[in-house]
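Since the structure comes first, as structure tokens, the remarks are kept for the end.
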Amino acid sequence: MKILRRFFIMNLLLVFMAACSDKQFSAVEKGADVPTPEQGPAILVMQAPKGDLSVFDQLLVEYRVIAGSAPVTEVFCAWNGLTIPCKSDKDRLVLPGGKTGGHKFEIVATDANGMQDRKNLPWKLFERFKKQQTSFAVTKSDRQLDVLFVVDNSPSMKDEQKSMATKIASFMDRLNGFDWQIAVVTTDPSHSTYGDGRLQTYPDGSFILNSKQDLEKAREMFSQTVQREESGSSSEQGIRAMARAIQRSLGSSAESSHQQFFRKDSALAAVVLTDENESGAANINKGSELVKLIAETWSDEKVFQFHSIIVRPGDTACKAAATVGDHYYGTAYASLTKLTNGVLGSICEPDYGNQLSFIGQTVANSKTTYDLECVPKDIDGDGNSDVTVKASGSVVVPNFTVKDSQLIFSKPPPEGQYSIDYFCPQK
């Protein structure tokens, strides 16, 4: 299955790093520790060559040395094994390039007690770049998103349900341009009407909201449905609820509403809202088994993400903030969220608007992201990767960003054939 895809040293160092930024270099050590009096020196590499570079690129290394229990007596630097002069406290070195192949910069700091810190920075230089083209097609299914909200309907969740209900607009706005569907199930594992993975009815009697409806009306119906009137089981089982919802769409006794909701070629996302952990211990309660079920039901290529608004593991303040009953760390949900590259939110936030907005954007990105063959290079030196997206007829397509080796559209492009032109190192 396609499972979709930082510590601060000191405020002073962060400001210094930002001031020295360069288009082809990256801060490679953001979390290095300042040495304690019992330690030796520490080398902080502020800037260094990033990835594969052309022989025409400037090779810059910038560092700072922080003393430990004794003063620094010597800093040794070498470029491809040859000693080069460098300063003992901090320096900004422009290294000679011009040759293809592997290169290495080495720096060693020694203090009066003989203690050392050493850094080795390897990278490759290539003679030239080659133009690369990646083609893709956008079909009707590429614009489809199925989103299942799994709502804890136990008595302690009334306030949380209300907060989600009033902020659903933040979520739906992020799905603009997609053919989306939204359904609701509860965490109750057994009730014959509102439990066991059954889709809950909206005020108009339907089981599914979709992008073809009036948006304000859809928001209103979701708001009313997610605020549960019943007092559901205290044995909350959100993972099981989703698995059962899927199972209800399969086989000869499949329920039509479930069949309609789970579309074969659509991206699938779940959003769980609960102040508990998964209470069951059977296979159907395991996140890994849910992932397996989805892969076996459709294919390894189906996009699936699991998002959680829970008591995040380790958040002691949130765990202790229960006003009715108890709060528990949602460890099972957090693990599944991490496994599927989802968003891990907090149930103790006073306003779910930002969290829902971020989840909505992440769901949308799952169907607007395309992999490239390399991290695109900046050929013209304007500070931006040189990437062009064209549709049929050579129409240039805007509204995208490049992050590492991925291209992400801000909204889904229309159906059709596309090509992405960019530059990779010539190997």
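The values are calculated or read from the model by the stated rules, or taken from the named source; none is laboratory data. Computed from a predicted model, the values in this text were never measured in an experiment. Glycine gets a Cβ as well: all are built from the backbone with ideal geometry, and neighbour counts include every protein chain shown. Surface areas here come from the heavy atoms of the whole protein model, side chains and all, with no ligands, DNA or RNA. Shrake-Rupley method; radii C 1.70, N 1.55, O 1.52, S 1.80 Å.
Suppose the chain between R118 and F136 were pulled fully straight at 0.36 nm per residue; how much longer would it get relative to their current alpha carbon spacing? Kindly include the intermediate steps, with their values, before the conclusion.
Numbers: separation 18, 0.36 × 18 = 6.48 nm, distance 4.53 nm.
Difference between extended and current length: 1.9 nm.
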Taking the Cα-to-Cβ direction at D159 and at S419 and moving 7 Å from each Cα, how far apart do the two end points lie in nm? 5.8
Check the straight Cα-Cα distances from K264 and name the lysines below 25 Å, setting aside those fewer than 8 residues away within the same chain. K2, K140, K212, K286, K292, K302, K338, K367, K411
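For region 258-298, what does the alpha-carbon gyration tensor say about shape, rounded, prolate or oblate, given a ≥ b ≥ c as the root eigenvalues, a/c under 1.5 as rounded, and a/b over b/c as prolate?
Details: a/c = 2.64, a/b = 1.54, b/c = 1.71.
Note, shape of region 258-298 comes out oblate.
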Which of the peptides 339-348, 195-204 is most tightly packed, and how do the rest follow, judged by the mean count of other Cβ atoms within 10 Å per residue? 339-348, 195-204
Using a simple charge model, +1 on the beta-carbon of Lys and Arg, -1 on the beta-carbon of Asp and Glu, nothing else, what dipole does region 55-209 show about its Cα centre, in debye to the nearest 20? 780
Label model pair T369, S256: point-to-point distance (7 angstrom along the Cα→beta-carbon line) in nm is 3.7
Calculated Rg and Dmax of region 156-265 using C-alpha coordinates, Å: 14.1, 40
Å² per residue, accessible surface of the chain at 1.4 Å: 47
Per region 314-364, sqrt(5λ) over the Cα gyration tensor eigenvalues, sorted largest first, in Å, gives 22, 15, 7
Full-extension gain between S88 and T331, please, as 0.36 nm times their residue separation minus the C-alpha to C-alpha distance. 82.8 nm
Less than 21 Å apart at the alpha-carbon level, and either on another chain or at least 8 residues along: which lysines does that give for K50? K23, K30, K90, K99, K104, K119, K124, K130, K131, K377, K403, K427
Region 239-290-region 57-91 distance, computed between alpha-carbon centres (Å): 56
Binning at 5 angstrom from zero up to the longest distance, how are the C-alpha pair distances of region 86-193 distributed in percent? 2, 6, 10, 9, 8, 6, 5, 4, 5, 8, 12, 12, 7, 2, 1, 0
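If you put +1 on each Lys and Arg Cβ and -1 on each Asp and Glu Cβ, how big is the dipole of the chain around its Cα centre, in Debye rounded to 20?
Numbers: 46 positive and 52 negative charges, 206 e Å.
In total the dipole reaches around 980 debye.
Set the Förster radius R0 to 41 Å, insert the Cβ-Cβ distance between E229 and K338 as r into 1/(1 + (r/R0)^6), and round the FRET efficiency to 0.05.
Numbers: r = 33 Å, r/R0 = 0.82.
Efficiency at R0 = 41 Å is approximately 0.75.
Could you work out how much longer the chain between N399 and T73 gets when fully extended? Use 0.36 nm per residue separation minus the Cα distance between them, nm to one decimal. Show your work: numbers first, answer last.
Details: separation 326, 0.36 × 326 = 117.36 nm, distance 5.31 nm.
Contour length minus Cα-Cα distance gives 112.0 nm.
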On the formula 1/(1 + (r/R0)^6), with r taken between the Cβ atoms of E289 and K264 and R0 of 25 Å, the FRET efficiency rounded to 0.05 is 0.75
The chain: C-alpha pair distances exceeding 38 Å, %: 40
Carbon plus sulfur fraction of accessible area for the chain, probe 1.4 Å, in percent: 48
